[in-house]
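*Asks:* Mind looking over this structure? Questions follow.
The numbers here are math on the coordinates, done by the rules we state, and not lab data. None of these values were measured; they are calculated from a predicted model. Every residue, glycine as well, gets a Cβ built from its backbone with ideal geometry; the counts of neighbours run over all protein chains shown.
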Amino acid sequence: MTKTVEFPRVSDSARSGLSVQSVADVLERELDNVIKAWLRRVDQEPDLMCIPLTFAERTGHLPHLLHDVIARLRLDAGTTAPISAAAAVHGDLRHKQGYTVAMVVEESRLLQVTIFTTLHENVKRLEFDRLLPDVVTIADEVDAQLKQQMLRFMGADTAKITTNQ
């Protein structure tokens with residue numbers, strides 16, 4: 001079941017007098033808050049919480065994935081984005097921790113929602129002419145990371161099957 005995410009309205013008067021920042025700068029500044037907000041969302045998902053993990057085990061991958069998102073946002077237009085090594089490592093880790101494919105996909109979805117909510121909460125500081133292209137870049141990067149996670153996750157399943165034969 002998909003949950004509706006509501007964003008509070010931000011008035012034009014709330015934007016005046018603040019320095020304008022790039023999406024990458026806002027995400028970098030808000031990194032710890034994004035991680036905490038993501039964990040609050042995860043904590044509300046019984047399907048994810050059925051696997052008991054410490055804070056570090058559950059969130060340790062996020063700084064690396066978010067730094068890859070931030071780096072991607074800072075690439076020059078037309079530059080090919082590197083494949084996220086952190087995402088591949090995360091796919092292996094979640095497999096070892098007993099996650100299912102659906103659980104990894106849900107974590108990724110919650111990451112996107114958390115990033116977009118953070119951007120909305122900081123909208124008065126954002127460069128508006130870059131906002132939509134950057135949102136597209138974020139969605140593309142998080143989806144590319146999810147693909148890498150799944151390739152490694154599924155590869156671990158294949159390796160386990162091959163070893164057991």
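*Asks:* What is the spread of the Cα atoms of segment 20-164 along each of their three principal axes, largest first, in whole Å?
*Replies:* Principal-axis extents of the Cα atoms in segment 20-164, largest first: 56, 35, 20 Å.
*Asks:* Using modelled amide H (1.01 Å from N, peptide plane; none on Pro or chain starts), what sits under 5 Å from the amide H of LEU126, excluding residues fewer than 5 places away?
*Replies:* Amide H neighbours of LEU126: GLN21.
*Asks:* Through the Karplus equation 6.51 cos²θ - 1.76 cosθ + 1.60, θ set to phi - 60°, convert the phi angles of segment 84-93 into ³J(HN,Hα) values in whole Hz; use x for Gly and Pro.
*Replies:* Per-residue couplings from phi come out as 6, 5, 4, 5, 5, 4, 5, x, 4, 4 Hz.
*Asks:* Once the Cβ-Cβ distance between PHE55 and ALA77 is put in as r, and R0 is 45 Å, what FRET efficiency do you end up with, to the nearest 0.05?
*Replies:* Efficiency, from the Cβ-Cβ distance: 0.75.
*Asks:* Here is a further query. Once label points are set 7 Å from the Cα along Cα→Cβ at both ARG109 and ASP143, what is their separation, rounded to one decimal in nm?
*Replies:* 1.5 nm
*Asks:* Counting other beta carbons within 10 Å of each Cβ, put PHE153, PHE55 in order, fewest first.
*Replies:* If I rank by nearby Cβ atoms, fewest first, I get PHE55, PHE153.
*Asks:* Sticking with this one: What's the tally of Lys pairs in segment 20-164 whose alpha-carbon atoms lie under 29 angstrom apart, where the two lysines are 8 or more places apart or on different chains?
*Replies:* Close lysine pairs under the 29 Å cut-off: 6.
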